[in-house]
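Working notes, beginning with the structure itself.
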Amino acid sequence: MPSVLTGLDLPVIAAPMAGGPGSPALVIAAARAGSLGFLAAGYKTPQALAEEIAAVTAAGVTCGVNLFAPNPVPADPAAFRRYAELLAPEAARYGLTLDGAAPVEDDDRWHDKLDVLRAHPVPIVSFTFGLPGRDDLALLRRTGALLAATVTSPAEAEAARQAGLDALVVQAAAAGGHSGTFTPARALAEVPAGELIASVRSAVDLPVIAAGGVATAVAVAVGTALLRSDEAGTSAVHRAALADPARTGTVLTRAFTGRPARGLRNEFTDRYSRLAPSGYPALHYLTSGIRKAAAAAGDPERVHLWAGTGFRQATAEPAAAILSRLAGQL
Ligand SMILES: Cc1cc2nc3c(=O)[nH]c(=O)nc-3n(C[C@H](O)[C@H](O)[C@H](O)COP(=O)(O)O)c2cc1C
């Protein structure tokens with residue numbers, strides 16, 4: 001069994017959270033509390049990733065790194081244009097125009113990030129959105145890292161086993177943020193965490209990290225519970241929304257990025273969840289200006305407020321206190 005996971009004093013891991021919340025400070029706090037934290041490489045420049053790994057190393061601790069596996073969902077150009085037209089009034093609120101003509105597709109600088117991990121090895125690398133190819137897995141393995149795949153079904157778990165992965169992050173649909181599903185154009189099955197983990201474990205005999213619900217696993221990875229922690233890099237508008245008693249719940253939506261992700265309901269998800277086409281990263285780039293302008297204006301109605309179904313349990317206090325309390329409840 002992989003020791004970086006089983007040797008933890010606190011088997012509650014700080015899950016990777018791209019877009020700000022998963023800061024080096026959060027990862028350092030998790031490690032110092034006897035847990036493990038994941039830096040999220042997604043959206044970051046390779047240089048920023050290298051700096052974050054260096055900051056964690058300089059603090060005398062280690063961390064995992066999470067990568068978006070290249071598994072693009074190219075947007076249908078006509079559906080993309082229609083969605084861009086639909087969003088034009090939202091952009092106009094902030095004096096922006098949307099360049100809906102050409103969907104931007106990229107791979108989040110995958111190969112450059114592999115180079116960073118070669119130069120700055122970490123003990124565990126996890127993937128979301130799919131599985132990397134055989135050569136890239138071999139390259140990462142040579143860095144000495146354990147390799148973990150985020151999976152959302154027994155079939156994805158089996159694919160990960162066949163690809164030679166060491167561990168699984170079994171992510172339930174209740175989890176906050178993007179689903180790791182390998183097939184984002186398909187509706188997500190909302191299977192309760194316990195049931196999902198039991199079905200994965202009966203299909204595939206690999207160590208499991210549970211995410212999005214607590215169940216039989218070597219460790220549990222939490223994201224939402226840490227979003228308001230002192231060390232998280234969560235934006236002010238996101239923190240305030242998580243604490244707002246008027247927020248009634250979360251939804252699975254691809255309205256912001258073209259991939260299914262769970263966040264707090266707001267005007268944007270109410271209006272566009274049914275209308276948004278599949279298309280990642282094209283929709284991510286399309287809506288990015290609106291989301292940044294809205295966040296800067298302190299307007300939570302047009303920001304992606306990623307959160308899992310347990311968002312009421314997100315408390316404002318040191319990450320170590322949150323992780324220790326959750327470990328005590330396992
Ligand atoms: C703000 C936010 C950003 C996230 N970013 C990533 C990411 O970059 N990579 C990833 O594998 N999972 C990401 N996730 C999912 C978490 O790693 C984890 O699976 C999830 O938070 C667990 O469920 P919980 O939110 O109910 O604790 C993100 C979650 C949140 C809330």
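Derivation of every value follows stated rules applied to the coordinates shown; laboratory data play no part. This is a predicted model, so every value here is computed, not measured. Here the Cβ is made from the backbone with ideal geometry for all residues, glycine too, and neighbour counts use every protein chain on show.
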### Task
Take every Cα pair under 8 Å in the chain that's 6+ residues apart, average their separations, divide by the length, and report that relative contact order as a whole percent.
21
### Task
State to the nearest 20 debye the size of the charge dipole of the range 195-271 about its Cα centre, where the only charges are +1 on K and R beta carbons and -1 on D and E beta carbons.
240
## Note on the structure
With a Förster distance of 25 angstrom and the Cβ-Cβ distance between residue 297 and residue 97, calculated FRET efficiency to the nearest 0.05 equals 0.90
### Task
Only bridges with both residues in the chain count here: give the DSSP antiparallel percent, nearest 5.
25
### Summary
Rounded to the nearest 0.05, FRET efficiency between residue 158 and residue 54 (Cβ-Cβ, R0 30 Å) equals 0.25
### Summary
Simple spin-label estimate for residue 43/residue 246, 7 Å along Cα→Cβ, in nm, reads 2.5
### Task
Give the span of the chain's Cα atoms along each principal axis, as three whole-Å numbers ordered largest to smallest.
52, 42, 40
### Query
What is the spin-label model distance, in nm, from residue 271 to residue 112 if the labels are put 7 Å beyond Cα along the C-beta direction?
3.3
### Task
Would you mind pulling out the separation of the Cα centroids of the range 129-176 and the range 5-61, in Å?
19
### Task
Mind sorting 111, 284 by how few other Cβ atoms lie within 10 Å of their own Cβ, fewest first?
111, 284
### Message
What's the magnitude of the charge dipole for the chain around its Cα centre, counting Lys and Arg as +1 and Asp and Glu as -1 at the beta-carbon? Answer in Debye, nearest 20.
### Response
360
### Query
For the residues 27, 191, what sequence is obtained by ranking on other C-beta atoms within 10 Å, fewest first?
191, 27
### Message
Just to check I understand the Karplus step: with θ = phi - 60° and J = 6.51 cos²θ - 1.76 cosθ + 1.60, what whole-Hz values come out for the range 159-173, glycine and proline as x?
### Response
4, 5, 4, 5, 7, x, 5, 8, 8, 10, 9, 8, 9, 7, 5
### Message
Report the Cα centroid-to-centroid distance between the range 185-230 and the range 233-266 in angstrom, as an integer.
### Response
20
### Message
Just want to confirm a number: the relative contact order over the range 251-309, from Cα pairs under 8 angstrom separated by 6+ residues, in percent.
### Response
39
